[in-house]
1. Inspect the range 24-36 for any residue being at pLDDT below 90 and either surrounded by 15 or more Cβ atoms within 10 Å (Cβ to Cβ) or under 19 Å from residue 106 (Cβ atoms) (or both) and give the result as yes or no.
2. Tell me, which residue of the range 66-97 that is touching a Leu at 6+ places or on another chain (Cβ under 7 Å) and without any contact (Cβ under 8 Å) to a residue 60 or more places away in the chain is farthest from residue 14 (Cα to Cα)?
3. Based on what the data block shows, is residue 16 surrounded by 13 or more Cβ atoms within 10 Å (Cβ to Cβ), of a type in the set (Phe, Trp, Tyr) and touching a strand residue (DSSP E or B) at 6+ places or on another chain (Cβ under 7 Å)?
4. Could you list, in sequence order, all residues of the range 119-135 that are closer than 15 Å to residue 107 by Cα and among the aromatic types (Phe, Trp, Tyr)?
5. So, in the range 27-43, of the ones that are touching a residue at least 12 places away in the same chain (Cβ under 8 Å) and outside any strand (DSSP E or B), which residue ends up farthest from residue 4 (Cα to Cα)?
6. Spot the failing condition for residue 3; the list is (1) over 28 Å from residue 113 (Cβ atoms); (2) without any contact (Cβ under 8 Å) to a residue 60 or more places away in the chain; (3) assigned to a helix (DSSP H, G or I), and only one is missed.
7. Inside the range 60-73, can you point out the residues that are farther than 16 Å from residue 22 by Cβ and surrounded by fewer than 18 Cβ atoms within 10 Å (Cβ to Cβ)?
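The values are calculated or read from the model by the stated rules, or taken from the named source; none is laboratory data. The model shown is predicted, which means the values in this text are computed figures rather than measured ones. Every residue, glycine as well, gets a Cβ built from its backbone with ideal geometry; the counts of neighbours run over all protein chains shown.
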Amino acid sequence: MRFNRILKCYEGTHNFHNFPSRIKAEDPSSHCFIVSFSANETVIVDGIEFVKCEVVGQSFMLHQIQKLIGFEVLGMRNIVPESLIEIALRKDINITVPMAPEVGLYLDECFFTSYNKKWKEIHGELSMKDYEMEAEEFENKNWFVLLLVRYCL
């Protein structure tokens, strides 16, 4: 699927300075690691088909996911060539990337693996386990979801 092929370009460690708001290429926080990015499911709501995407990564920046999806839409609509994605990840190139609307975007789950390895014994485990039922209930009631974000710390 073409959509997933384009999403795969974001996987790995890259300089994402063109994707968050107001980050320079030299800023160490512009380097992020995306473990996986895929769209393997569609959901139909009121006769409209939505693509359900999932991104797993570490330390996302403000508006980064919205801009990654916005750029993806440009590629899928053939407004920009797919090769522009690789160019946008170069630190010597500055481009303006459109932001996809935040509607339908929500944080599905957080994993605090690194934190828990280091601090669990001292401060206790940091986890979302206590809220699993509420989160599942919310997701079941709100199938307008366009993008699931899994954020790993």
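1. No: the range 24-36 contains no residue that is at pLDDT below 90 and either surrounded by 15 or more Cβ atoms within 10 Å (Cβ to Cβ) or under 19 Å from residue 106 (Cβ atoms) (or both).
2. Within the range 66-97, the match that is farthest from residue 14 (Cα to Cα) is 80.
3. yes
4. 131
5. Filtering the range 27-43 for residues touching a residue at least 12 places away in the same chain (Cβ under 8 Å) gives 29-40, 43.
From the residues that got through so far, the ones that are outside any strand (DSSP E or B) too are 29-30.
Numbers: 29: 26, 30: 23 Å.
So the residue we want is 29.
6. Of the numbered conditions (1) over 28 Å from residue 113 (Cβ atoms); (2) without any contact (Cβ under 8 Å) to a residue 60 or more places away in the chain; (3) assigned to a helix (DSSP H, G or I), the odd one out for residue 3 is (2).
7. Matches in the range 60-73: 70, 73.
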